Amino acid sequence: MTINPENKLQFSSTHRLQWEEAQQKDVILYPEGMVELNQSSAEILKLCDGTRNVAELVIDLEQKFQTSGLEQDIRNFLEIALQNGWIQQS
Amino acid sequence: MVGFNKVKITPPRWLLAELTYACPLQCPYCSNPIDYAQHKQELTTDDWKRVLTQARKMGAVQLGLSGGEPLVRQDLEEIVQHARQLGYYTNLITSGYGLTEARILALKTAGLDHIQISIQASSEELSDYIAGTKSFAEKKRVAHLIKKHGYPMVLCVVLHRENIAQMADILNMAVELGADYVELANTQYYGWANLNRDLLLPTRDQFETAEAIAQEFKLQVAGKMKIYYVVPDFYEDRPKACMNGWGTTFLTVAPDGMALPCHSARELPNLDCPNVQDFSVEEIWHESKAFNFFRGDDWMQEPCRSCDEKSKDFGGCRCQAYLLQGDMYATDPVCSKSPKHDLIETAITDANTAAKNVTEKPLIFRNSKNSRNY
Ligand code: SF4
Ligand code: SF4
């Protein structure tokens, strides 16, 4: 499974992304499990709302953090996210 | 108890709410206490809401609603709704028996996140026999309804000598039912399972054959279905890291309000487990004798005390040490470094003998009549 550059990315409907006050972290929740996210991973996932493909996501993130050269890191993380079922492509 | 002030206390993350010991099924491996019939009193809806609120405030985020059969509680929807409002990820752990479509919908509206349904075997005959109740056909129907209404679904099958040879069919059943996760839970020998151990413990051959099938299947379904495999630690060299460390992550509240560091802790002597009707969750977690008892490693004996693996498995399971060798401070006998490791070999040999001698003794089913004998 790899990411198709054309497809829009969407956070999984069977997982939940949530800010945890006690941990001061975003986490992914799913049946009987939890993954703690660092800030950049959480920011990527929050933009997976079904309106952007990978390239669009990179543009928006680089703009948000006023930086460039994020593409490879973002792609790598999205592949992991896809393999874990955290995101879907449509 | 020693080391009380030295160990850094982390907040609970997992709350297991055992809403009731009532259950229409009679699984002979049930992890409920064998004397559950003596603990009839149940917390009220308001008690549960208070417990959920207090634990959430400390940082608990995963909530398991189990039992017994949690569907027996008519206030289940109200409890789920409260939990969801607090931000818990809510897991309903059910046998599925008696779950109607109307209730699946009501629970969805209340905010339930996930349903774990258990089926006892892949064939109707064996499943109904183990459950002690005709329930297989209904469970399958319920599993389809759970998927129809968009829940992530875990199919849980507890494995033991009677059904472990069905591994391939069990996995096919998981595909047919559309399970997102399959939990292959080798029986853990507490409660009723411990009573029936000679009849439930598979032989090493059976276990290895089944495991190979499960591992192959895992590769086939990668990306589509996830497999949670609970190992039978009798066939391992090291014990499981029980509860991720005592009093570090898990909090179980029993139907009568007793707070337990693990769901079998009721079987341990002199822990004086506190009740949520008398103390707040915060007091229980930080100050109670029970939750501090095996925190850290000052309580350990040799060989654990000077072992370089003690931060990995915390000396194994306290309940297993107690049930197998009568000493809850001892190294879990599953560990090959334990001086009592031969107890495990004996258990396996006894089970193998019993396997060949089918008439020896019957399974003891989990029901109130049998429970009153303990
Ligand atoms: S293991 Fe079986 S008997 Fe025990 S609570 Fe679950 S369904 Fe009921
Ligand atoms: S001796 Fe104790 S700490 Fe060491 S591996 Fe065995 S159970 Fe774990």
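Tabulated results
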{"item": "Rounded to the nearest 10 Å², the accessible area of residue A:3 at probe 1.4 Å", "result": "20"}
{"item": "Computed [θ] at 222 nm, helices only, for chain A once each DSSP H run of length n ≥ 4 contributes -39500 (n - 2.57)", "result": "-10500 deg cm²/dmol"}
{"item": "Computed FRET value (nearest 0.05) for residue B:137 with residue B:286, which takes r as the C-beta separation and R₀ as 45 Å", "result": "0.40"}
{"item": "Cα pair distances exceeding 21 angstrom across the range A:9-89, given as percent", "result": "26"}
{"item": "Amide H contacts of residue B:275 (H built 1.01 Å from N, under 5 Å, at least 5 apart or other chain)", "result": "B:259"}
{"item": "Probe 1.4 Å, all protein chains present, accessible-area order of A:2, A:14, largest first", "result": "A:2, A:14"}
{"item": "Charge-dipole axis of the range A:9-89 as Lys and Arg at +1 and Asp and Glu at -1 on Cβ define it, positive-most pick from A:83, A:67, A:28", "result": "A:83"}
{"item": "Binned Cα-Cα distance frequencies in the range B:235-338 - 5 Å width, integer %", "result": "2, 14, 24, 24, 17, 11, 6, 2, 0"}
{"item": "Area of residue B:167 that stays accessible when all protein chains are in place (1.4 Å probe, Å², to 10)", "result": "0"}
{"item": "Local net charge near residue A:57, Cβ-Cβ under 14 Å (Lys/Arg +1, Asp/Glu -1)", "result": "-4"}
{"item": "Residue B:229 paired with residue A:49, simple spin-label distance in nm, labels 7 Å along Cα-to-beta-carbon", "result": "4.1"}
{"item": "Cβ-defined net charge surrounding residue B:101, 10 Å radius [Lys, Arg +1; Asp, Glu -1]", "result": "+3"}
{"item": "Rounded to whole Hz, the Karplus (6.51, -1.76, 1.60) HN-Hα couplings of the range B:330-335, x for glycine and proline", "result": "6, 4, 3, x, 4, 5"}
{"item": "Whichever lysines have a C-alpha closer than 21 Å to that of residue B:361, once near sequence neighbours (fewer than 8 apart) are set aside", "result": "B:369"}
{"item": "Probe 1.4 Å, all protein chains present, accessible-area order of B:309, B:236, B:345, largest first", "result": "B:345, B:236, B:309"}
{"item": "Largest to smallest accessible area among A:71, A:43 [probe 1.4 Å]", "result": "A:71, A:43"}
{"item": "The protein assembly as shown: projected area of the alpha-carbon convex hull, averaged over directions, in nm²", "result": "23.0"}
{"item": "Inter-label distance for residue A:38 and residue B:312, nm, one decimal - labels placed 7 Å from Cα along Cα-to-Cβ", "result": "2.6"}
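The values are calculated or read from the model by the stated rules, or taken from the named source; none is laboratory data. Quick caveat: nothing in here was measured; it's all calculated off a predicted structure. Ideal geometry is used to build each Cβ from the backbone, glycine not excepted, and the neighbour counts take in all protein chains shown. With ligands, DNA and RNA removed, areas are computed over all heavy atoms of the protein, side chains included. Shrake-Rupley method; radii C 1.70, N 1.55, O 1.52, S 1.80 Å.
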